[in-house]
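One structure is given below, encoded as structure tokens.
The values are calculated or read from the model by the stated rules, or taken from the named source; none is laboratory data. All figures in this text were calculated on a predicted structure; none of them were measured in a lab. Quick reminder, even Gly has a Cβ in these numbers, built from the backbone with ideal geometry, and neighbours come from all protein chains shown. Surface accessibility is based on the protein's heavy atoms, side chains included, excluding ligands, DNA and RNA. Shrake-Rupley method; radii C 1.70, N 1.55, O 1.52, S 1.80 Å.
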Amino acid sequence: MFVKRVCPFWAILVLLAVTPPSVTAIVYVRMKNERGPMAARAGVQCIELLSHTYFHMRESTQIENIVIFYLQNLSSPAREILLGYLQHHHTGYDADDDEKEVMASNGSVRNSSQFQLKLMSDAVSSEDMRRAQFMDHKQFDYYVIVIDSFDGLRQALARISATVAFNPRGKFVVLYNNPNDRDSDQRMANQALLLLFIGHHSVNVLFAFAIDAVSYHVYTGDPYHGATDCGQMKALKVATVVNGTFANRVLSTAMINIPKVPPQLETCTFLLCTRVAPPFIDLDCRRGLELQIMDLLRESMKFKVNVSCSEMDRGELMPDGNWSDLLGLMRADECDIIAGGFNPDFDVHDEFGSTTLYLQDYHTWFVPAAGPDARWKLLLYIFEASTWELFGCVLFISGLVWRSVAHFLPECDAHRELSMCFLNTWCVFLCISANNRPASNALRLFFMGLTLYALNVTTIYTSILITMLTNPPSAYQVDTIEEILASGIPIGGRLDSEDWFINDFEDDQLVSERYNASSEFQPSLANLQAVVDGKRSLLMSRLYVRNTKYYGLVHGLSKEVFVTQIEMIMEKGFPLLPKFNRILSNLIDMGIMQKLWKDFLYNVTILDHIRQNRDLSEEDIIAPSPEVVLTLDHLQSAFALYGIGLCLCVVVFLLELLSTTRWIRQLRGLVEQRWDELLVRVQLKERAARSETVIKPRKMVAFRKTLK
């Protein structure tokens, strides 16, 4: 053993002795291999270390999933790092070995997490990703992306965000390794964090930049902790990783896991864009149920809100892929939150995030409210048609009985005329004194019974008539969509409500064909006045109409068209959305939402009435009420009957006047002569028939002779 160790030294001494002193030696120092196995192993260890440190959620109740994005045409060593990380996860590893590895690298033991692995690639275009139908719509929890250029990150995010399960609030680990770029770590980190924050609304990002073959600087975004620059992305260096080990493990772990959104955002101001939709957002943009809810959220998280109101609708997806109205403003980062009585929509939920449902709204068609019916009809509405028919039968039978009794008893001639009998009976019906009173006891008893009957009926009729005059019934009210369609009145409403009628049902298709979403059919005071005038029928919220002065002047159909829940809409990656939902759920559980709802339902009309009374002067309050108990309108029926009587009188007068003219007398004499001749002929025929029966011989009886 000693000989083996000494021999090399003797060989070196011999070489030094043989070499002439004038010869100089050239020593070549080999640089680190930037693309070798050592660089690949350091990159894989860096991803493993960051994932073990950062990939965990406190509120997860399901198996978490991790997405590894495979980029084609990566340069070395980024390609080897990605393949090594994929091989590590595809082949699996023992939990004990993993714990030992983590303990050796970090100095502490962590339990290994189980993930559901999903692999995505840029081999499929973003359009194909968007059209793909996934069986599992569970949102992604974690993302791992290895890149060697900024364009690679942009391509990967374009495909990831096109999937239905994209989760902007998921956690990202992006590793950048390019041997030709070792100095632009700050610039590259700013670009990557801004792309994720502005373009995809993601803040939970770790960006690892390779400064040499085995060392990485780790950056994260800090947009909400600034005192004066809240909402602006700032790259913050949180760790340095060398050969899969933190330079300062405790500090790096704490910096990486600092919440990106603090509990209170006192220096942050968010833009709330609203649509005027009372009672959720009032016309003055100062009151409303949703503004009250936003105040509760604002007081809880201490942030500020700038509210802007407009008449724009929620927005729809345009053929070019952009969104219109308020959704378009939010997609252009001109709004952070939009509100205004918006109901859930599947197409919107595919692209945007939304809060927990907190209120509900009722929509139906509104038509002019039927006013009081014509006063002259009240005389007929008191009793049903069958009752009036029965009264007519009693009148007719009573007149006939009066005439029959008077015919067989010694009564005056007036009681034996049929017209006078009917006139007397009608007078008794109306409780009017009759001039011709009966002389016989039988007809007197009939007269008394008829009088008591008429007095009872008249009393009932008068009492009901007073009620009808003081509280007149309404005219016929249109109350079905079929009647609205049959009347030909134009119908319409908001654009986002038209989706409820686009289906295979025949009734809804009839509505969809005539549905108008122009400005003339949007909920507004001017359009409500058009509804009162009967020019159009609008599909509106009952709560909106209740909150206007037209409440009671328009009528909502008894059957609701649809009942929807109310939500606020923001981008899926809006940082306050989870806390919003948690606070709203607590408010609902504590009954505060129900209290806000009841306060509106029961206090809006009372408060408005009190507010109106406060605006009145003392003279207006003391002044007598201008209401008139009885007007000419109430006496329409009386004057109508009087007019009918006059018309009948004039007609009869003209007929009697015409009857005194010469040609009428001639015609009357001719008719009477023909009538007398007809009667004579009938009498002669009757006498002839009687004489024949008298002269006709009787039947002869034959006698037989008998011989004795």
Next item on the list: From P472, P438, grab the single residue that is of a type outside the set (K, R), within 27 Å of W376 (Cα to Cα) and in contact with a helix residue (DSSP H, G or I) (Cβ under 7 Å, 6 or more places away or on another chain).
Entry: P472
Check: Taking the stretch 325-341 as the search range and keeping residues that are in contact with a helix residue (DSSP H, G or I) (Cβ under 9 Å, 6 or more places away or on another chain) and assigned to a loop (DSSP other than H, G, I, E, B), which one is most open to solvent (accessible area, probe 1.4 Å)?
Finding: E334
Next item on the list: Go through (1) open to solvent by 100 Å² or more (accessible area, probe 1.4 Å); (2) at pLDDT 80 or above; (3) not acidic (D, E) and name the single condition R665 misses.
Entry: (2)
Check: Just one of the numbered conditions (1) more than 33 Å from the chain's Cα centre (by Cα); (2) over 30 Å from A475 (Cβ atoms); (3) of a type in the set (S, T, N, Q) is not true of T387; which one?
Finding: (2)
Item checked: Residues of the stretch 652-662 that turn out to be open to solvent by less than 80 Å² (accessible area, probe 1.4 Å) and among the aliphatic types (A, V, I, L, M), as a count -> 1
Check: Can you find a residue in the stretch 493-503 that is open to solvent by 40 Å² or more (accessible area, probe 1.4 Å), more than 15 Å from the chain's Cα centre (by Cα) and in contact (Cβ under 8 Å) with a residue 24 or more places away in the chain?
Finding: no
Check: How about the stretch 354-381: which of its residues are open to solvent by 20 Å² or more (accessible area, probe 1.4 Å), closer than 30 Å to L596 by Cβ and in a loop (DSSP other than H, G, I, E, B)?
Finding: T356, L357, A369
Notebook entry, point to check: If we keep just the residues of the stretch 274-293 that are more than 16 Å from the chain's Cα centre (by Cα) and touching a residue at least 60 places away in the same chain (Cβ under 8 Å), which is farthest from Q565 (Cα to Cα)?
Noted result: D282
Next item on the list: At least 2 residues that are modelled with pLDDT of 90 or more and over 26 Å from P344 (Cβ atoms) in each: list the strands (runs of 3 or more DSSP E) lying fully within the stretch 479-560 that qualify.
Entry: 554-556
Checklist line | Close pairs (9 angstrom Cβ cut-off, 6 or more residues apart or separate chains): at positive phi in the stretch 215-237, part of a loop (DSSP other than H, G, I, E, B) and surrounded by 15 or more Cβ atoms within 10 Å (Cβ to Cβ) anywhere | finding: G231/P223; G231/Y224; G231/C268; G231/D336
Next item on the list: Go over the candidates Y476, Y461 one by one and state the one that is out of contact with any Leu (no Cβ under 7 Å at 6 or more places or on another chain) and open to solvent by 80 Å² or more (accessible area, probe 1.4 Å).
Entry: Y476
Check: Would it be correct to say that S558 is of a type in the set (S, T, Y) and in contact with an Asp or Glu (Cβ under 6 Å, 6 or more places away or on another chain)?
Finding: yes
Notebook entry, point to check: Would you pick out the residues in the stretch 224-269 that are under 16 Å from H52 (Cβ atoms), open to solvent by less than 50 Å² (accessible area, probe 1.4 Å), touching a strand residue (DSSP E or B) at 6+ places or on another chain (Cβ under 7 Å) and not polar (S, T, N, Q)?
Noted result: V238, A239, V241, F246, I256
Check: When you go through (1) modelled with pLDDT of 90 or more; (2) more than 23 Å from F501 (Cβ to Cβ) one by one for Y358, which number turns out not to apply?
Finding: (1)
Notebook entry, point to check: Take the residues of the stretch 557-601 that are without any contact (Cβ under 8 Å) to a residue 12 or more places away in the chain and acidic (D, E): which is surrounded by the most Cβ atoms within 10 Å (Cβ to Cβ)?
Noted result: D599
Next item on the list: Exactly one condition in (1) under 30 Å from P490 (Cα atoms); (2) open to solvent by less than 40 Å² (accessible area, probe 1.4 Å) is not met by F429; state its number.
Entry: (1)
Check: Among the residues of the stretch 167-214, how many are surrounded by fewer than 20 Cβ atoms within 10 Å (Cβ to Cβ) and small (G, A, S)?
Finding: 2
Next item on the list: Filter the stretch 169-211 down to the residues that are assigned to a loop (DSSP other than H, G, I, E, B) and among the basic types (K, R), then identify the one that is farthest from the chain's Cα centre (by Cα).
Entry: R182
Notebook entry, point to check: How many residues are under 24 Å from D599 (Cβ atoms) and either modelled with pLDDT of 90 or more or in contact with a Gly (Cβ under 7 Å, 6 or more places away or on another chain) (or both) when one looks only at the stretch 561-579?
Noted result: 3
